[in-house]
1. What percent of all Cα-Cα pairs in segment 97-178 falls into each 10 Å bin, going from 0 up to the bin containing the maximum distance?
2. Roughly what would the spin-label model give for Trp90 and Asp174, points 7 Å off Cα along C-beta, in nm?
3. Would you kindly find the accessible area of Ile122, with a 1.4 Å probe and non-protein molecules such as ligands, DNA and RNA excluded, rounding to the nearest 10 Å²?
4. Using a 10 Å cut-off on Cβ atoms, rank the peptides 128-137, 104-113 from the highest mean neighbour count down.
5. Using a/c under 1.5 as the rounded threshold, could you call segment 109-148 rounded, prolate or oblate? The axes a ≥ b ≥ c are square roots of the C-alpha gyration tensor eigenvalues, and prolate needs a/b larger than b/c, oblate otherwise.
Amino acid sequence: MDKIRSLVTPAVWTFLTFCIFISSLFSFNWTENTKEHFEDGYFYRSTVTADGKLQVRQWDDWYHSSWPQRIPVEINAVGINEPLYEYQIWFLVNTKELVDAGKLDNGGTAIRITGPDGKTLIPFWVEHWNITTSTGSKIWVRVPQIPANSKTYIYMYIREASTNSLSNRDSVFDLYENWETGLRSTTPWSSSGWLTGGSGVFEIHTSTDQL
């Protein structure tokens, strides 16, 4: 230490002493020299809001360390005077922009959606996947609870690396049938003449005859 002291001015020595004190106080040093260093730091586990502000997050409200970015989705229930349970809603997200920026995989498999706590996964289904225009992709979610007369957030986690998709319409809806394509799901319907499903019975005609 005396050798170091002899090579520096008093002002510089005071600065060095301060740095050593800070280092011992927090018991670690951190220098970001590479992209990998940056991705290992807290700034990579962050949320960018619509106003462009960066919100740094700790692990207590983050889904998983392998999902480095998330998008907050606001649910506005102001004016609704009772809580909503197991409620299905949809939102649009500009997936073209995310894919072009290298933040999301082309197939949309690297999507996870959590509830307001930022950690608990909730069911979702990508009804329309669009990475050719900026009009966005349509995503349905099933939210366990939306408090009355309030604004709350759910979170869409994304990453570039593809993985197994959790998009599942049957986990979002109690009953779903895509009538627009003319196709009927094999479950939960039965097809012995009349079609039964839910609590009702009905018949599908292929002509324009009235029932």
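The values are calculated or read from the model by the stated rules, or taken from the named source; none is laboratory data. Please read these numbers as outputs of a predicted model, since none were measured by experiment. As a convention, Cβ positions derive from the backbone with ideal geometry for all residues, glycine included, and neighbour counts pool all protein chains shown. SASA here: full protein model, heavy atoms, side chains in, ligands and nucleic acids out. Shrake-Rupley method; radii C 1.70, N 1.55, O 1.52, S 1.80 Å.
1. 17, 45, 31, 6
2. Placing both labels 7 Å along Cα→Cβ, they lie 2.0 nm apart.
3. 10
4. 104-113, 128-137
5. prolate
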